[in-house]
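*Asks:* So that we are looking at the same thing, I have put the structure below in structure tokens.
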Amino acid sequence: MTTLRLIYASAIAAIYSIWFIVAITVLGELNPGFKDFLKSLTGHHWVTKGYAMLLFYGLALLICYDAAKKPSEVRAAKTLRLLSISAGLGLVALVGFFIWHF
């Protein structure tokens, strides 16, 4: 397992995980039945989202690691920058949604 390959795959998996959480959070707020379903699995919708994100991240990491045979340092650095941007945009998306929604 190469470190650069793992960093690159982890960054990609984290980007996908961020947008997965943003999507299911918005869906849960717009669809009470979906939010109730999430609550029914663990007792609280945020706990279910946490477990779902861990599972999603783990699967995405495995897939991305397998797909990324030899990422370059430049590509890994660009992906880490994209991860930072995605985290910021995900925050803006959720805050904006909750301000608009409520």
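Taken together, the values in this text are just the output of simple stated rules run on the coordinates, not laboratory data. Quick caveat, the model's predicted, so the values are computed rather than measured. Don't worry about glycine lacking a Cβ; one is built from the backbone with ideal geometry, like all the others, and counts go over all protein chains shown.
*Asks:* What is the sum of charges around VAL47, taking Lys and Arg as +1, Asp and Glu as -1, for the other residues whose C-beta is under 13 Å from the C-beta of VAL47?
*Replies:* +3
*Asks:* Bin width 5 Å, alpha-carbon pairs only: give the P(r) of the stretch 3-95 as whole percents, running from 0 to the bin holding the largest distance.
*Replies:* Reading upward from the zero bin: 3, 14, 20, 20, 16, 12, 8, 5, 2.
*Asks:* Helix 3-30: angle to the longest alpha-carbon principal axis of the chain, degrees 0 to 90, nearest 10?
*Replies:* The answer is roughly 10 degrees.
*Asks:* Round to the nearest 10 and give me the degree value, 0 to 90, for the angle of helix 32-42's Cα axis relative to the longest principal axis of the chain.
*Replies:* 70 degrees
*Asks:* In deg cm²/dmol, rounded to 500, what helix-only [θ] at 222 nm does the chain give when every DSSP H run of at least 4 residues adds -39500 (n - 2.57) and the total is split over its residues?
*Replies:* -31500 deg cm²/dmol
*Asks:* Angle between the Cα long axis of helix 45-67 and the longest principal axis of the chain, 0 to 90 degrees, nearest 10?
*Replies:* It works out to around 20 degrees.
*Asks:* Give me the percent relative contact order of the chain, please, defined on Cα pairs under 8 angstrom at least 6 residues apart.
*Replies:* This gives 47 percent for the chain.
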